[in-house]
Amino acid sequence: MAIIRKLVERNKLFFRLLFLPVLAVLGVVVNIAIKLIRFFYRLQYIYDWGLRDKHPNHFKHLTNLYTWSSDPNRNQFATAPSIARSYLKRGQKVLDLCCGDGSISFLFFSDIANKIDAVDVDRDAIMYGRKKFGNDKIVYHDTDVFKFLSSVNETSYDLIYFGSGFDYFKRCDREALFLGLLKKMTSETTLVLKTPISSDESYMWGQEEAQSDFVKSEQELIEELSQFFNLVQSREVQYSSRSEVIAVCKKREINT
């Protein structure tokens, strides 16, 4: 390496002139490749959510990653995980509940977390996550959330992220879910939860066959969560096509 460095230093002008056309050609190739990738993921999105008879059970967030730079409407997938990330410290344990394709665990938590349990009942989503977003810190669990919470060996987590599942549970089932989460929380655990706001049961194109109960306002969510958790903060976040509530909670001791 030292010989190469000396050679470059002595012939810097030559290498500059050599690199300029190479970079120019590569720049054109890369730009074409980026446009083709964006086009591919847009086509896949149209096919999955507009043309298929049965829609997928999980969303592939690579669509957001590859199209965000040209479509600011794709920013909504990053808001809640970014808030959750601000509560995560190096070496802590994370539970990603209803993790979908695993992209949130990988992109937002896996760089500094010690261990992440990523849980989803959809086997296809878990297989996709293991393939696309697998690493040695993330343990993917293809199982029902209730079964996982009752059987997992971890006594507690430092951060619980519940970003894409709240509205898939009926209100009558969410009480049991919250009680299960409380058993995996300490006074230091942070729970970050998000859910869309809607008064229309089929508000989200293509997902009405899966989603169960929506909250109609931020206040409605606060009232439901306050029965089980101490609310640190909540906020309604507006996007071009939807609004959602993001809530940050701590454990509250309740009589069961």
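The values are calculated or read from the model by the stated rules, or taken from the named source; none is laboratory data. Bear in mind the structure is a predicted one, so any value in this text is a computation, not a measurement. Neighbour counts are summed over all protein chains in view; Cβ atoms, including those assigned to glycine, are modelled from backbone coordinates with ideal geometry.
Please tell me if Glu253 is surrounded by fewer than 14 Cβ atoms within 10 Å (Cβ to Cβ) and at pLDDT 90 or above. Criteria not met by Glu253.
Can you confirm whether Phe162 is buried (at least 17 other Cβ atoms within 10 Å of the Cβ), closer than 16 Å to Cys98 by Cα, in the same structural domain as Glu218 (by TED's automatic domain parsing) and at pLDDT 90 or above? Taking the combined requirement at face value, the residue satisfies it. Taking the stated definitions as given, is Tyr87 free of Cβ contacts under 8 Å to residues at least 40 places away in the same chain and either within 19 Å of the chain's Cα centre (by Cα) or assigned to a loop (DSSP other than H, G, I, E, B) (or both)? In short, no. When Glu175, Glu201, Glu236 are checked against the criterion of being assigned to a strand (DSSP E or B) and either closer than 30 Å to Asn73 by Cβ or modelled with pLDDT under 95 (or both), a single residue qualifies: Glu236.
Any idea which of Thr143, Thr189 is among the hydroxyl-bearing types (Ser, Thr, Tyr) and at pLDDT below 95?
Thr143
Being assigned to a strand (DSSP E or B) and under 19 Å from Leu193 (Cα atoms): is that true of Leu107 here? Taking the combined requirement at face value, the residue does not satisfy it. Selection within the stretch 172-200: residues that are of a type in the set (D, E, K, R) and under 16 Å from Phe214 (Cα atoms). The member of this set that is surrounded by the most Cβ atoms within 10 Å (Cβ to Cβ) is Lys194. For Val94, the conditions (1) over 12 Å from the mean Cα position of the chain (by Cα); (2) surrounded by fewer than 22 Cβ atoms within 10 Å (Cβ to Cβ) all hold with the exception of (2).
If you check Ser82, Ser70, which single one turns out to be surrounded by fewer than 17 Cβ atoms within 10 Å (Cβ to Cβ), modelled with pLDDT under 95 and not aromatic (Phe, Trp, Tyr)?
On the way: Ser82 fails: modelled with pLDDT under 95.
Selected residue: Ser70, the only one of Ser82, Ser70 that is surrounded by fewer than 17 Cβ atoms within 10 Å (Cβ to Cβ), modelled with pLDDT under 95 and not aromatic (Phe, Trp, Tyr).
Among the residues that make up the stretch 130-151, is at least one of them surrounded by 21 or more Cβ atoms within 10 Å (Cβ to Cβ), of a type in the set (Asp, Glu) and not in a loop (DSSP other than H, G, I, E, B)? So far as the stretch 130-151 goes, no, none of its residues is surrounded by 21 or more Cβ atoms within 10 Å (Cβ to Cβ), of a type in the set (Asp, Glu) and not in a loop (DSSP other than H, G, I, E, B). Applying the criterion of being of a type in the set (Phe, Trp, Tyr) and under 21 Å from the mean Cα position of the chain (by Cα) to the residues of the stretch 42-67, the residue that is farthest from Ser164 (Cα to Cα) is Tyr66.
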